[in-house]
Amino acid sequence: MSKFDKILITGGAGFIGSHVVRLFVNQYPNSQIYNLDALTYAGNLENLKDIENSENYTFLKVDICDRDAINQLFDEYRFTSVIHLAAESHVDRSITNPFAFVETNIMGTLNLLHSAKSLWQDDFSNHLFYHISTDEVYGTLGETGLFTEETSYDPNSPYSASKASSDHFVRAFGETYGLPYVISNCSNNYGPNQFPEKLIPLFINNIIKKKPLPVYGDGNYTRDWLYVLDHAIAIDLIFKEGKNKQTYNIGGFNEWKNIDLVKLLCQQMDAKLGRKAGESEELITFVKDRPGHDLRYAIDASKINKELGWKPSVTFEEGLSKTIDWYLENKEWLKNVTSGAYQKYYENQYAN
Ligand code: NAD
Ligand code: DAU
């Protein structure tokens with residue numbers, strides 16, 4: 001038996017998860033890949049159309065908050081490893097409804113840990129629980145410095161507090177019960193299939209529609225952007241070669257102030273849409289700031305670079321261009337995910 005035999009990927013219908021599922025289905029034809037997802041507003045099986053009929057792929061529509069259902073699945077399928085991405089992932093939603101974040105991100109993770117421990121406890125060797133986490137657990141940086149794996153946890157939003165808590169539970173299961181685990185903490189991802197509530201796809205959609213671009217506060221907040229496929233490749237490497245009980249930071253070596261990023265996006269989109277230079281920048285509107293808004297995130301990714309040889313392969317200009325092209329070529333996808341409940345969310349979020 002090996003950890004590669006039956007790999008459970010949670011949240012595989014979401015943005016990052018769908019790229020991870022595709023990579024694993026294609027890369028490991030001798031492994032069975034199980035995609036477990038509750039298909040919340042953020043989950044979309046259209047993201048996986050190209051691999052849905054692969055022989056080594058199975059989709060399981062289950063909520064990780066349902067402890068009995070999760071236990072039954074582990075009994076039935078005897079997963080040999082877990083790559084856990086399922087989560088409530090949007091900071092703004094966590095400010096409006098923190099309870100959903102505690103339920104899915106903390107209780108849901110605990111349910112998976114409990115089931116994995118129960119199934120594997122006779123012999124933990126050849127098993128792995130891999131938790132996908134975020135750099136937001138470290139809180140905020142000032143104008144200088146980088147998050148390392150040694151940085152203390154200091155979460156500021158209900159989202160990051162729930163992710164920090166789930167990281168702690170994973171560690172606790174390693175220490176208390178001997179569950180083999182790795183955790184990675186990644187910076188902001190962007191790329192195809194990202195739900196248009198996050199900065200880049202939201203603004204692409206608004207530029208296409210010539211709607212205002214709501215920049216929070218003065219726009220001088222900094223994020224470290226990574227192309228989603230580079231994150232999926234890092235996840236594969238850590239799954240294969242990461243050391244037990246280790247944490248790996250993943251980042252893009254690519255810091256941008258929001259306002260500069262938005263201007264670059266406007267320039268690229270004007271060129272691609274045949275609009276006159278500067279036209280989309282006129283849509284920029286400064287709006288009420290996000291409460292508790294973290295000033296700056298930036299990752300020191302030297303550990304994963306030195307130990308596993310990973311570094312980003314896609315430059316930001318290239319990745320952003322590919323991302324815009326994907327959204328322009330997939331207007332139907334964009335239309336489907338922005339109909340219905342999305343409109344209500346948008347009206348509430350950007351009311352003032
Ligand atoms: P996403 O919101 O696009 O996808 C989350 C997926 O989880 C969806 O398919 C959703 O249906 C599923 N899900 C939500 N609640 C569930 C539940 N109770 N049971 C089963 N499935 C459920 O998120 P994403 O941006 O792809 O993020 C994936 C993971 O990576 C998250 O754990 C997030 O914290 C982490 N992460 C994200 C980023 C980023 O920039 N997006 C960066 C670092 C880490
Ligand atoms: O750092 C990793 C995290 O990155 C992940 O853990 C989260 O799941 C992911 O959502 C992302 O969190 P952010 O809060 O950084 O991403 P978001 O796209 O929501 O916002 C990026 C920046 O843009 C942030 O400074 C807030 C700002 N912003 C965002 C939106 C949606 C705006 O100015 N206007 C907006 O409308």
Consider Leu229 carefully, then state whether it is under 29 Å from Glu347 (Cα atoms) and either crowded, with 18+ Cβ neighbours inside 10 Å or β-branched (Val, Ile, Thr) (or both).
no
Flagged in segment 216-264 as free of Cβ contacts under 8 Å to residues at least 60 places away in the same chain and in contact with a Pro (Cβ under 8 Å, 6 or more places away or on another chain), in numbering order, are Phe253
If you go through segment 60-86 one residue at a time, how many are surrounded by fewer than 17 Cβ atoms within 10 Å (Cβ to Cβ) and polar (S, T, N, Q)?
2
Which condition number does Cys65 fail, the rest of (1) over 30 Å from Pro291 (Cβ atoms); (2) among the hydrophobic types (A, V, I, L, M, F, W, C); (3) part of a loop (DSSP other than H, G, I, E, B); (4) in contact with a helix residue (DSSP H, G or I) (Cβ under 6 Å, 6 or more places away or on another chain) being met?
(1)
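Is at least one residue of segment 213-223 under 20 Å from Ile284 (Cβ atoms), modelled with pLDDT of 95 or more and among the acidic types (Asp, Glu)?
Looking for residues that are under 20 Å from Ile284 (Cβ atoms), modelled with pLDDT of 95 or more and among the acidic types (Asp, Glu), one finds at least one in segment 213-223, hence yes.
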If I filter segment 189-203 for residues that are over 16 Å from the mean Cα position of the chain (by Cα) and crowded, with 23+ Cβ neighbours inside 10 Å, do I get at least one hit?
yes
Going by what's in this entry, would Ser54 be described as buried (at least 18 other Cβ atoms within 10 Å of the Cβ) and more than 16 Å from ligand 2 (Cβ to nearest atom)?
no
Subset of segment 301-332, residues surrounded by 15 or more Cβ atoms within 10 Å (Cβ to Cβ) and either modelled with pLDDT under 95 or among the aliphatic types (A, V, I, L, M) (or both), comes to Ala301, Ile304, Leu308, Val314, Leu320, Ile324
Looking only at segment 212-229, count every residue that is more than 12 Å from ligand 1 (Cβ to nearest atom), closer than 26 Å to Asn26 by Cα and touching a Ser or Thr at 6+ places or on another chain (Cβ under 7 Å) and tell me the total.
0
Entirely in segment 172-279, the strands (runs of 3 or more DSSP E) that have 1 or more residues that are away from ligand 2 (no atom under 14 Å from the Cβ) and hydroxyl-bearing (Ser, Thr, Tyr):
181-186, 246-250
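When the residues of segment 41-51 are filtered to those that are in contact (Cβ under 8 Å) with a residue 40 or more places away in the chain and of a type outside the set (A, V, I, L, M), which remaining residue is surrounded by the most Cβ atoms within 10 Å (Cβ to Cβ)?
Step by step, filter segment 41-51, then rank; the result is Asn47.
Would you point out which residue out of Ser89, Ser94 is touching a residue at least 24 places away in the same chain (Cβ under 8 Å), surrounded by 19 or more Cβ atoms within 10 Å (Cβ to Cβ) and part of a loop (DSSP other than H, G, I, E, B)?
Of Ser89, Ser94, the one residue that is touching a residue at least 24 places away in the same chain (Cβ under 8 Å), surrounded by 19 or more Cβ atoms within 10 Å (Cβ to Cβ) and part of a loop (DSSP other than H, G, I, E, B) is Ser89.
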Taking Leu328, is it over 30 Å from Ser184 (Cα atoms), touching a helix residue (DSSP H, G or I) at 6+ places or on another chain (Cβ under 8 Å) and either free of Cβ contacts under 8 Å to residues at least 12 places away in the same chain or of a type outside the set (Asp, Glu) (or both)?
yes
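The values are calculated or read from the model by the stated rules, or taken from the named source; none is laboratory data. The structure presented is a predicted model; accordingly, all values stated were derived computationally and were not measured. No Cβ is skipped: glycine too gets one built from the backbone with ideal geometry, and neighbour counts run over all protein chains shown.
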